[in-house]
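S.K.: Following this message is one structure expressed as structure tokens.
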Amino acid sequence: MADKITYKTIWDTLSAIDCSDKVEQKMGLTYLSWAWAWGVIQEHFADATYNFYVQPETKVPYVQYPDGTAEVICKVQIGDCSREMWLPVMDYKNNAIANPNSRQVSDTKMRCLVKCLAMFGLGHYIFAGEDLPREEVKEETKAKPKAEPKKEVKPVAEEKPVKKDTVDWKVDGTLDGANLVKDGLLAILDALEDKDSVSGQWKAWSESEDGKFMKEKFTDVYKEMRQAFIDKLDVFVKGGNSDAETTN
């Protein structure tokens, strides 16, 4: 009998796959080919399916808000395991589009599918601003000669690869690395659902080593990220001074 598919087995399988050579940068946004991503899913979990929310009355494949902007919702099913993710229909500046056309909705649906697959592990580090999947980081760590190799091999706690990748982008000090970190943080921002979460996320990040380094070396990128957080706060703080929430 085949082993039962669980969230853990799916995550362990997909999170170890390196997607870096399939990533593209367009107008400041990071894209992973949906066709390639779905092909990977089929190679490992051939019975996987996906579908999108459809409004019962209008039959359009998105949720429309009072201001006319729209959001698509995707659900992926792998065995008995399912994940759901949402994504607003946006322009190249990450601004929500009112009354989107069919092409804009279609493109967003496939981006949302990729984002939903990341919830299972495939390319998740792209949204987190990392450069390499965890398994590749472990292999690099093992390959480097150490004075005390046993001590270096043992620490494989979850936070270790993230810390290593975070340091790497600061060592390289490239604009591409800064933009990748920005994209990861904006993806997290997109999922925050209240004022306190937005303020807390910005405070924690801006006071971190990453935040301080970004502010000093990539001021324009830092300001762009800060403005994105201010704009998100404006959604929750009607008539208030949202700028006071992000002072760094």
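The values are calculated or read from the model by the stated rules, or taken from the named source; none is laboratory data. Computed from a predicted structure; not experimentally measured. Using ideal geometry, Cβ is built from the backbone for each residue, glycine included, and neighbour counts are taken over all protein chains shown.
S.K.: Can you pull out the strands (runs of 3 or more DSSP E) entirely within region 1-57 that have at least 2 residues that are in contact (Cβ under 8 Å) with a residue 12 or more places away in the chain and under 30 Å from L175 (Cβ atoms)?
M.R.: Correct list: 23-26, 29-32.
S.K.: Check Y92 against each of (1) surrounded by fewer than 17 Cβ atoms within 10 Å (Cβ to Cβ); (2) out of contact with any strand residue (DSSP E or B) (no Cβ under 9 Å at 6 or more places or on another chain); (3) modelled with pLDDT under 80 and name the one condition it does not meet.
M.R.: Unmet for Y92, out of (1) surrounded by fewer than 17 Cβ atoms within 10 Å (Cβ to Cβ); (2) out of contact with any strand residue (DSSP E or B) (no Cβ under 9 Å at 6 or more places or on another chain); (3) modelled with pLDDT under 80: (2).
S.K.: If we keep just the residues of region 47-68 that are hydrophobic (A, V, I, L, M, F, W, C) and more than 22 Å from the chain's Cα centre (by Cα), which is modelled with the highest pLDDT?
M.R.: Applying the filter and picking the extreme gives V54.
S.K.: OK, next. What's the total number of residues in region 24-46 that are modelled with pLDDT under 80 and surrounded by 14 or more Cβ atoms within 10 Å (Cβ to Cβ)?
M.R.: 4
S.K.: Quick one: is A37 farther than 24 Å from D190 by Cα and of a type in the set (A, V, I, L, M, F, W, C)?
M.R.: When the stated conditions are applied, A37 does not pass them.
S.K.: Do we find that V137 is modelled with pLDDT of 75 or more and either buried (at least 16 other Cβ atoms within 10 Å of the Cβ) or touching a strand residue (DSSP E or B) at 6+ places or on another chain (Cβ under 9 Å) (or both) in this structure?
M.R.: Answer is no for this residue.
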